[in-house]
Amino acid sequence: MILLDKFYIDGTWVTPLVESKFPIKNPASDSVIGTVTLGAAADVDRAVAAASRAFASFSLTSKEERLELLRKLRNILEARNEEMARAISQEMGAPITMARNEQAACGSGYADDFLKVLEEFEACEALGNGDEIRREPIGVCGLITPWNWPLNQIALKVLPALAAGCTCVLKPSEHTPLSAALFAEMVHEAGYPAGVFNLVYGDGPEVGAALSRHPDIAFMSFTGSTRAGTLVSKDSAETVKRVALELGGKSPNLLFADCDLETRVRASVHGCFHNTGQTCTAPTRLLVERSCYDRVVAMATEIAEGQEIGDPAQEGAHIGPLFDQIQYDRVQQMISVGLEEGARLIAGGLGKPEGLEQGWFAKPTVFADVTNQMRIAREEIFGPVLVIIPFETEEEAISIANDTDYGLCAYVQTGSAARASRVAGALRAGAVVINGQGRGYGSPTGGYKQSGIGREGGALGLEEYYEVKVVPSLDRLKAEGHFSKP
């Protein structure tokens with residue numbers, strides 16, 4: 001049994017002030033593989049105090065010093081990639097091949113990105129009016145990350161915070177503490193000064209709220225559900241701190257008849273099922289031009305029925321289980337809703353796949369003849385459930401795509417470059433993927449509307465961790481005789 005009973009605070013592993021055990025489960029078997037001790041507000045106070053002390057000196061480090069530390073951390077992330085992959089696969093059910101190549105590999109991938117961004121970053125910028133902009137580390141940062149891409153979101157928050165000269169307190173999901181513990185070990189191994197990075201396990205109502213309300217935290221960065229993100233915003237408002245949110249999505253995927261149907265339909269269905277549908281940017285609404293609708297429905301049925309499902313410990317391109325019973329029950333409920341709403345079930349459905357009754361495996365499910373007013377088209381299901389909606393014209397497709405509370409990502413499949421450009425410009429989303437070509441490391445991610453506030457990744461992601469100060473140009477003031485001494 002795995003026992004995580006210490007928090008990483010001020011450069012060492014410390015005993016929590018309150019004893020509160022929480023089970024760590026393997027979703028493929030629903031078996032308890034360990035326990036993690038959850039923290040309390042007093043543990044957050046200790047961590048923030050350590051981060052505040054460390055900020056006084058770490059915020060003054062040179063860019064070269066921070067680059068060297070980040071290079072060390074990047075190399076450790078790469079060297080321990082397999083260890084990280086196995087932890088993620090075990091705690092949240094990602095198949096090991098995908099966990100290795102995507103879930104864990106993003107750590108060194110984002111480190112490479114932020115190294116490049118920091119190398120090119122200039123803290124001072126001259127304005128045309130003679131003033132000067134200075135970018136300074138914002139302060140102590142509270143970072144809250146989810147369970148579905150645990151290292152991905154840790155990397156997108158912690159790495160730019162450290163690169164900017166900030167200090168931080170991380171609260172990972174209490175459901176996926178193994179990857180967070182490994183990451184803390186790596187930060188320590190890289191040689192970051194005590195207090196720069198701190199880790200406190202806990203739930204949202206206790207530790208998450210304590211971070212958001214803490215007067216000594218200058219910036220909160222949260223990734224998770226829209227519901228939880230609104231709570232972080234409300235709690236943070238008490239101390240008027242900056243907040244960045246990366247929240248839910250119901251991403252439209254516009255498929256036009258002039259695209260390579262065989263390739264793009266297959267990629268669209270598998271894209272929805274990737275990570276067992278537990279990705280906020282998943283293309284879960286497939287909007288299909290009427291002239292090819294019947295053909296696409298038939299293709300989607302065949303592809304979904306051929307989707308492999310299996311043990312996440314085994315190598316391969318299969319998908320694994322849903323994360324836990326709560327998520328499984330949610331997906332089952334929404335499949336029932338789709339049936340009640342009159343959508344046509346063409347693949348999958350209720351219950352578990354044959355031979356996978358243990359654990360939280362769900363059938364890859366596809367509904368056709370869906371309207372955008374149905375709940376299954378409007379609510380984030382967060383499981384392997386695809387809905388197919390027909391459209392007649394390009395204008396109607398754009399209207400349906402934008403008729404959502406969310407705006408995290410959108411997808412366009414077309415053989416026309418002019419249409420791709422035109423439609424991408426009309427979609428209200430933080431990113432648009434065209435014919436399978438999406439953003440890479442170095443591009444920002446974030447959403448419109450209820451999908452969030454702010455951006456992560458790349459130069460814009462780094463800038464989230466700076467405050468901006470304006471001062472007159474000292475060279476101009478010297479030339480104008482404002483100083484009696486050099």
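Numbers for the structure displayed
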read-out	value
Top-ranked residue of region 437-453 - restricted to ones that are part of a loop (DSSP other than H, G, I, E, B) and modelled with pLDDT under 95, ranked as surrounded by the most Cβ atoms within 10 Å (Cβ to Cβ)	PRO444
Residues of region 220-238 that turn out to be of a type in the set (Lys, Arg) and either buried (at least 17 other Cβ atoms within 10 Å of the Cβ) or under 15 Å from GLN153 (Cα atoms) (or both), as a count	0
Which listed residue, of VAL433, VAL470, is surrounded by 19 or more Cβ atoms within 10 Å (Cβ to Cβ), of a type in the set (A, V, I, L, M) and part of a strand (DSSP E or B)	VAL433
Per-region count, region 408-457, residues under 21 Å from LYS250 (Cβ atoms) and basic (Lys, Arg)	4
Those residues of region 188-205 which are crowded, with 19+ Cβ neighbours inside 10 Å and under 19 Å from ILE24 (Cβ atoms), in sequence order	LEU199, VAL200, TYR201, GLY202, GLY204
Subset of region 130-186 that is modelled with pLDDT under 95 and acidic (Asp, Glu) - its residue that is surrounded by the most Cβ atoms within 10 Å (Cβ to Cβ)	GLU132
Condition met for SER57 (among the polar types (S, T, N, Q) and more than 29 Å from LYS352 (Cβ to Cβ))	yes
Members of region 293-309 found to be in contact with a strand residue (DSSP E or B) (Cβ under 8 Å, 6 or more places away or on another chain) and of a type outside the set (S, T, N, Q), listed by number	TYR293, VAL296, VAL297, ALA300, ALA304, GLU305, GLU308, ILE309
Residue check, ALA459 hydrophobic (A, V, I, L, M, F, W, C) and under 30 Å from ILE138 (Cβ atoms)	yes
Search result, residues across region 321-364 that are under 14 Å from ALA28 (Cα atoms) and in contact with a helix residue (DSSP H, G or I) (Cβ under 6 Å, 6 or more places away or on another chain)	LEU322, PHE323, TRP360, ALA362
Subset tally (residues that are in contact with a strand residue (DSSP E or B) (Cβ under 8 Å, 6 or more places away or on another chain) and either aliphatic (A, V, I, L, M) or closer than 29 Å to ALA42 by Cβ (or both)) for region 236-260	11
Out of GLN373, GLN332, GLN327, GLN314, sole residue that is surrounded by 23 or more Cβ atoms within 10 Å (Cβ to Cβ) and either among the polar types (S, T, N, Q) or outside the structural domain of TYR293 (by TED's automatic domain parsing) (or both)	GLN327
Residue list for region 431-461, filter: under 15 Å from PHE222 (Cα atoms) and of a type outside the set (Gly, Ala, Ser)	THR445, GLN450, ILE453, ARG455, GLU456
Total residues in region 210-232, condition in a helix (DSSP H, G or I) and either touching a residue at least 40 places away in the same chain (Cβ under 8 Å) or not small (Gly, Ala, Ser) (or both)	10
Residue that is nearest to the chain's Cα centre (by Cα) [pool: residues in region 68-118 that are surrounded by fewer than 24 Cβ atoms within 10 Å (Cβ to Cβ) and assigned to a loop (DSSP other than H, G, I, E, B)]	ALA105
Qualifying positions in region 25-38 - in a loop (DSSP other than H, G, I, E, B) and touching a strand residue (DSSP E or B) at 6+ places or on another chain (Cβ under 6 Å)	LEU38
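Rundown of residues vs (1) closer than 17 Å to THR284 by Cβ; (2) hydrophobic (A, V, I, L, M, F, W, C); (3) crowded, with 16+ Cβ neighbours inside 10 Å, yes/no style:
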| site | (1), (2), (3) |
| --- | --- |
| ALA347 | yes, yes, yes |
| GLY351 | no, no, no |
| GLU354 | no, no, no |
| TRP360 | no, yes, yes |
| PRO364 | yes, no, yes |
| PHE367 | yes, yes, yes |
| PRO384 | yes, no, yes |
| PRO390 | yes, no, yes |
| TYR406 | yes, no, yes |
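Per-residue answers, yes or no, for (1) out of contact with any helix residue (DSSP H, G or I) (no Cβ under 9 Å at 6 or more places or on another chain); (2) charged (D, E, K, R):
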{"residue": "LEU427", "(1), (2)": "no, no"}
{"residue": "ASN435", "(1), (2)": "no, no"}
{"residue": "GLU456", "(1), (2)": "no, yes"}
{"residue": "ALA459", "(1), (2)": "no, no"}
{"residue": "GLU464", "(1), (2)": "no, yes"}
{"residue": "VAL470", "(1), (2)": "yes, no"}
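Listed here are the residues, each with its yes/no results for (1) assigned by TED's automatic domain parsing to the domain that holds ALA377; (2) within 30 Å of ASP260 (Cα to Cα).
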site: TYR411; (1), (2): yes, yes
site: ALA429; (1), (2): yes, yes
site: GLY442; (1), (2): no, yes
site: LEU460; (1), (2): no, no
site: ARG476; (1), (2): no, no
site: SER484; (1), (2): no, no
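Yes/no matrix, rows are residues, columns are (1) of a type in the set (Gly, Ala, Ser); (2) in a loop (DSSP other than H, G, I, E, B):
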| position | (1), (2) |
| --- | --- |
| SER236 | yes, no |
| VAL240 | no, yes |
| ALA244 | yes, no |
| GLY248 | yes, yes |
| ASP258 | no, yes |
| THR263 | no, no |
| VAL288 | no, no |
| SER291 | yes, no |
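The values are calculated or read from the model by the stated rules, or taken from the named source; none is laboratory data. Keep in mind the model is a prediction, meaning the values are calculated, not measured. Here the Cβ is made from the backbone with ideal geometry for all residues, glycine too, and neighbour counts use every protein chain on show.
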